[in-house]
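> One structure, pasted below without further comment.
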Amino acid sequence: MTSESRQGQGGLLDTLASLYQVSSTAEQEQIIVLIHLADSDPSWLRKTVLDISSLYGAQILTGQLLLIHAPSEVYPPVTAVQNETSQQQTYSKENVAHAFLMSFATKLSTYFLLIEDNVFCAPNFVSHIHSKVTNRKPSTWVLMEFSNMGVLGKLFHRRDLPLLARFLLFFHKERPLPWLILHFRTLLAQQDPVLCRPFLFFHRLSHFTSENKTSAGQGKGPHGPNTLPGVVFTDMKFSGVHSPQEAYTLDESFFCTSNVSTGNYLTVILSHPANLNRVQVRTGSLIDGKYILEKGQVELGYHPEGTPPNCTSFALLGHLMRGQLDQIVLNSTGYGVSCVKLAVNANQARGLMVRHIYLWGEMLKQQRADQR
């Protein structure tokens, strides 16, 4: 895992606690936990190392817990152009940091499991992973996924790590880490994802915001999606308990319905056009994966009209795969996005749960104000 000071120490320590609390002593002996402390702040590094050493000194002494830190020289210099695009800076550094982590991990074990800060783990996750790996021939997979959240819970063969690290370094400026990892999988001839249920790793909600009861549009979480003001409309039936707006919040609330037919939609209409660079949609129960949108797609809308406003034109962003979508937005229209629509493409007998719609980007109105 990688850790940076902007996420605080709590997320890292919580993840370590979860790792060691839910695995048995025998399982702990099978794993080596490798942490890349990726931030260059010396005071944070010193305190983090001291805190981890005081809590997990035994694991460090036996070589079961390793802390590494790459010097700032390994990261590419930030040019004037890059300095204007903070998003590119962020994923460029993240890619380089993970390349360093994977390079170091190459000779440590047979398999490499990528997790993140602020994560809790399912009990006996080591045994579950061992069972899944044992039941599959090594030659049939490049990437196994034990979570449907970003890069969390991604399992690789050790033999692929050097190539993956070089791949991340070569394209570190081009795409975010989740996109590169999935593309790497397809380059190595695994076209379809291997999603292993039940999922074993989950983000803690505080990873996205310190005010979990605020709805999207009332603030900005420091490390998660941007909370752009907007309202949600749907033509699907719902009760007052789980309203459409609850699909567009940063807390544990969600939208659910038992009425799902072809042509139904759930649309986030933004208060102002936005320059989006990533959209994430998660459907289905977090625990057992039930109530996903079996066939659906996400569309980006432009040119809102009417009261309440609705977009007059839409462009396909992507189709959901097993009820999920996490897509980079390459905006070639020249217009800001005003709507994000989740569209149903087939009738389904079971109900639907939309856990969240997350958006990364900023309002064009805000962009112009910052440039003045």
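> Expressed in nm to one decimal, what extension gain is obtained for the pair N124 and M321 from 0.36 nm per residue of sequence separation less their Cα-Cα distance?
On the way: separation 197, 0.36 × 197 = 70.92 nm, distance 2.74 nm.
Value of the extension gain: 68.2 nm.
> Also, I was wondering about something else. Which order do the peptides 33-46, 269-282, 301-314 come out in when sorted by mean C-beta neighbours inside 10 angstrom, highest first?
269-282, 33-46, 301-314
> For a quick protection proxy, order the peptides 171-177, 70-76, 92-98 by their average other-Cβ count within 10 Å, most packed first.
Numbers: 171-177: 17.9, 70-76: 12.1, 92-98: 21.7.
Peptide ranking by packing, descending: 92-98, 171-177, 70-76.
> To the nearest Å, what is the center-to-center distance of region 13-82 and region 123-180, using C-alpha atoms only?
19 Å
> Starting with the highest mean, order 252-263, 148-159, 49-60 by the number of other Cβ atoms within 10 Å, averaged over the residues of each peptide.
Working: 252-263: 15.9, 148-159: 19.5, 49-60: 14.3.
The most tightly packed comes first, giving 148-159, 252-263, 49-60.
> To continue, here is another question. Please report T227, T140, T186 as a ranked list, fewest other C-beta atoms within 10 angstrom at the top and most at the bottom.
On the way: T227 22, T140 8, T186 13.
Neighbour counts put them in this order, fewest first: T140, T186, T227.
> May I pose another question? By how many nm would the segment from L188 to L330 lengthen if fully extended, with 0.36 nm per residue of separation less the alpha-carbon distance?
Values: separation 142, 0.36 × 142 = 51.12 nm, distance 2.44 nm.
That pair, L188 and L330, stretches by 48.7 nm at full extension.
The numbers here are math on the coordinates, done by the rules we state, and not lab data. What you are looking at is a predicted structure, and each value in this text was computed from that prediction instead of being measured. Counting neighbours? That spans all protein chains shown, and the Cβs are built from the backbone with ideal geometry, glycine included.
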